[in-house]
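The values are calculated or read from the model by the stated rules, or taken from the named source; none is laboratory data. No experiment lies behind these values; they were computed from the predicted model shown. We place every Cβ from the backbone using ideal geometry, glycine too, and count neighbours over all the protein chains shown. With ligands, DNA and RNA removed, areas are computed over all heavy atoms of the protein, side chains included. Shrake-Rupley method; radii C 1.70, N 1.55, O 1.52, S 1.80 Å.
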Amino acid sequence: MTSNLQLCNYTFPKGFAWGASTAAYQIEGGWDADGKGPNVWDTFTHQGGDRVFKNQTGDVACGSYTLWEEDLKCIKQLGLTHYRFSLSWSRLLPDGTTGFINQKGIDYYNKVIDDLLTNGIMPMVTLNHFDLPQALEDQGGWLSENIVGFFNKYAEFCFNTFGNRVKMWITINEPSIVAKYAYENGLHAPGIKESGTGAYQTAHNMIKAHAKAWHTYHLLFKEKQHGFVSLALNANWAEPLDPTSEADVKATERYLAFSLGWFAKPIFIDGDYPPLMKSSVAAKSKEQGYPSSRLPEFTKEEMQMIKGTADFFCLNYYTTRKIRHQEYAQARPSFQADEEVEEIKDPSWPISSIEWLAVVPWGIRKLLKHIKDTCNDPIIYITENGFAQSDPAPLEDAQRWEYFRQTLLEILKGIYIDKANVKGYFVWSLMDNFEWTEGYSKRFGLFHVDYNSSSLPRVPYTSASEYAKVVSSNRLPEPEKKLK
Ligand code: PNW
């Protein structure tokens, strides 16, 4: 097994994409600059109520709306081949619709895209990364089926405006986090708590919105622009707590069905949800006296429309869980009670200063294999992977680089031993930024941002210089210890 890696000399495949990722709300600031409309995170953070660490906001963040050139310097210093960022929908279309277009927003992203291309860096663009225009949220947001049409218009506008230069598109970032956090448990903006229905309903609309936008691209733009469209799915790897327990093994299958399978199966396979998910939600709904399942159904036409609508697989990987079968009191319907699992972090796994992020580098290899086996062996880009430090974070972050290195080693095994078709790797994140409910207290950056200084200086962590070496050589330094 080792020999495969030694044979390849720890070198990544030719043309491997090396990137870093960011998202508009987390870095841009300029929340009401130059005609930008408000989005759900503007509203949510401005409402206060201690839902975000110290009631911090993205009003200023890293100031990237005015400091783009500083970001570009960081990107060039790393020598990246790719940069993933997201468009702020309400900066381009202040009320979410094409009824009014904000030219200043177009100018900003044109500059970002053109500067990247001038420097030989390929942009990968996310259309929506958690920051839905508030005007659309006021009409029901992702809960309303009308969003499918609004999203499609927005996507068409973006393909039309930027698609002559952008060839890699991600429609929606992490729909499962949006569904569960924004509309089910209410921890993320807009803070809606529709337990037992919110997540399913919004996921249903996100899948349709994604698929429709993919068709729009392939019908109207593909021939001329030759780009690729996908969506970014986050997934934890999972293994049964007790591998000899049939209940835990089944629970682990359920956990994967309720996370990755929820989106990957309809989009990559056959237009429909995983059977385990359908049967679980249907059974619980029946017990609870619902006339039909709380999990909505796709019509035959919708399934046809949805299946096969991703040109590559974008994986956001952070962590792994041990899974135990667990029934929950049925006081009210919930995603958790439907799923019937308990997620456990093995005590031997280091915690990367953010409570949910246990460091499990080998999980990514297993997940890559799982995606290869269950999603038709797709081309895979790892569009996010990272480890947070707490504030204050030391610039010398040797331990964190060790996590990156181990993860990259597992990716090499995935490529050369398991034959997963991995074409690129993007670090989350280029620089420290607004980490949603954690505010600025967790630092995921390759570059440190000093929020106390008005010029918001970016300074590289040790991880940045180590990553730059990997990027420029396209290989990992040989490990000292023998590989398993
Ligand atoms: C991703 N979880 O979100 C997002 O795409 C980024 O915007 C974010 O900054 C990054 O991961 C780090 O958190 C996640 O609770 C949010 O498991 C929450 C979870 C996972 C990913």
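Things worth noting here:
- With both labels modelled 7 Å from their Cα along Cα-to-Cβ, the LYS153 to ILE101 distance reads 1.3 nm.
- Residue-averaged [θ]222 nm for the chain, counting only DSSP H segments that reach four residues, each worth -39500 (n - 2.57): -11000 deg cm²/dmol
- In this label model, GLN6 and ASP114 are separated by 5.3 nm, measuring between points 7 Å along each Cα→Cβ vector.
- Each Lys and Arg Cβ is given +1 and each Asp and Glu Cβ -1; about its Cα centre, the stretch 371-484 then shows a dipole of about 460 debye.
- Three principal axis extents describe the C-alpha atoms of the chain; from largest down they are 59, 59, 49 Å.
- Two-site FRET efficiency, GLN77 against SER441, from Cβ-Cβ distance with R₀ of 30 Å, rounded to 0.05: 0.70
- Computed label-point distance, nm, for sites SER473 and ILE344 using a 7 Å Cα→Cβ extension: 4.0 nm
- Overall, the accessible surface of the stretch 293-411 at a probe of 1.4 angstrom is composed of carbon and sulfur to the extent of 50 percent.
- Rolling a 1.4 Å probe over the heavy atoms of the protein chains gives the chain an accessible area of 39 Å² per residue.
- Exceedance of the 25 Å cut-off in Cα-Cα distance is limited, within the set LYS284/LYS372; LYS76/LYS222; LYS193/LYS284; LYS14/LYS413; LYS153/LYS222; LYS278/LYS372, to LYS284/LYS372; LYS76/LYS222.
- For LYS300, a cut-off of 19 angstrom between C-alpha atoms picks up these aspartates and glutamates, skipping any fewer than 8 places away in its own chain: GLU145, ASP270, ASP272.
- Restricting the stretch 296-366 to GluC sites (Glu not before Pro) that sit in a DSSP loop and have at most 16 other Cβ atoms within 10 Å of their own Cβ leaves GLU297, GLU327, GLU355.
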